[in-house]
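K.L.:
A single structure is presented below for examination.
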Amino acid sequence: MNAGVDIPEGKKLNCFGDIENIEMTVEDWMGRWEKKHISFHKNEVHKLADQGHTVVGVEVSKMAVREFFAEQNLSYTQESVPGMPGAEVFKSSDGQLSLFNCDMFDFSSLIAGKFDGMWDRGSLVAINPSDRQRYAKLMTTLMAKGCRYLLDTLTYDQNKYAGPPFSTPRLAIQDLYGQSCNIQLIESSDALTDRQRLWGLDSFTEEAHLITLKTDMDS
């Protein structure tokens, strides 16, 4: 928590200990790792590489990247990224995992190609709402033909809690991806815990969407 923060009337602290609905910057996210304000971080990992996939990730915090490899006891190489000043890529020794340390909006298909599958858990809901269109455009340009993009979102009453994480209802997903993609809701579940109740919420829904590029037959 940020002791001594002057909280405006009607506002409260979000899950990071900042005033809710704060505009998050790259420096803010790196600061979360330095101060260990990472309640959004999962202790367990998604075992994509263990299933034989080649996995690429993008993370702005170098500390987070290094901690990942240390936690997983993976040896790696570290090198600069051509065409991206200041960016680095950390590659596991077996070649199955590459983590790019850079701003997400500096990443593109020119850097690592397009992808057959993408998994977004906790990214879109953390993006400032003003950056959502930019983010969605980037994600669709990273999709190869036939790509299956699994998007995890959260829905709640933002009159009670402004975020982050930000509520991203189905209409917002349609607005972001509906023009170029087919969107299928594949799961919706009650995710309310005591943590969200502390935020003042009495309803908190987690949803998973399968997003695929439209074809000529979909037009």
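K.L.:
Kindly check whether there is at least one residue in the stretch 100-122 that is in a strand (DSSP E or B) and more than 29 Å from Ser188 (Cβ to Cβ).
P.N.:
yes
K.L.:
Show the residue pairs meeting these rules: Cβ distance below 9 Å; 6+ apart or different chains; first residue within the stretch 101-125 and touching a residue at least 60 places away in the same chain (Cβ under 8 Å); second residue exposed (fewer than 15 other Cβ atoms within 10 Å of the Cβ) and assigned to a helix (DSSP H, G or I).
P.N.:
The qualifying pairs are Asp103/Val26.
K.L.:
Looking at the stretch 108-140 only, could you name the residues that are more than 16 Å from the chain's Cα centre (by Cα) and open to solvent by 60 Å² or more (accessible area, probe 1.4 Å)?
P.N.:
Within the stretch 108-140, Leu110, Lys114, Asp116 qualify.
K.L.:
For the stretch 187-198, which residues satisfy the criterion of being of a type in the set (A, V, I, L, M, F, W, C) and touching an Asp or Glu at 6+ places or on another chain (Cβ under 8 Å)?
P.N.:
Ala191, Leu192 - these are the residues of the stretch 187-198 that are of a type in the set (A, V, I, L, M, F, W, C) and touching an Asp or Glu at 6+ places or on another chain (Cβ under 8 Å).
K.L.:
Grab the strands (runs of 3 or more DSSP E) fully contained in the stretch 129-219, keeping just those with 3 or more residues being free of Cβ contacts under 8 Å to residues at least 60 places away in the same chain and under 24 Å from Val58 (Cα atoms).
P.N.:
Strands (runs of 3 or more DSSP E) meeting the threshold: 143-155, 205-213.
K.L.:
Among the residues of the stretch 58-96 satisfying the criterion of being open to solvent by less than 20 Å² (accessible area, probe 1.4 Å) and outside any helix (DSSP H, G or I), which is nearest to Lys137 (Cα to Cα)?
P.N.:
The extreme case among them is Met84.
The values are calculated or read from the model by the stated rules, or taken from the named source; none is laboratory data. Predicted model, so just to flag it, every value in this text is computed and none were measured. Note that each Cβ is placed from the backbone with ideal geometry, even for glycine, and that neighbours are counted across all protein chains shown. Heavy atoms of the whole protein, side chains included, go into the accessibility calculation; ligands, DNA and RNA do not. Shrake-Rupley method; radii C 1.70, N 1.55, O 1.52, S 1.80 Å.
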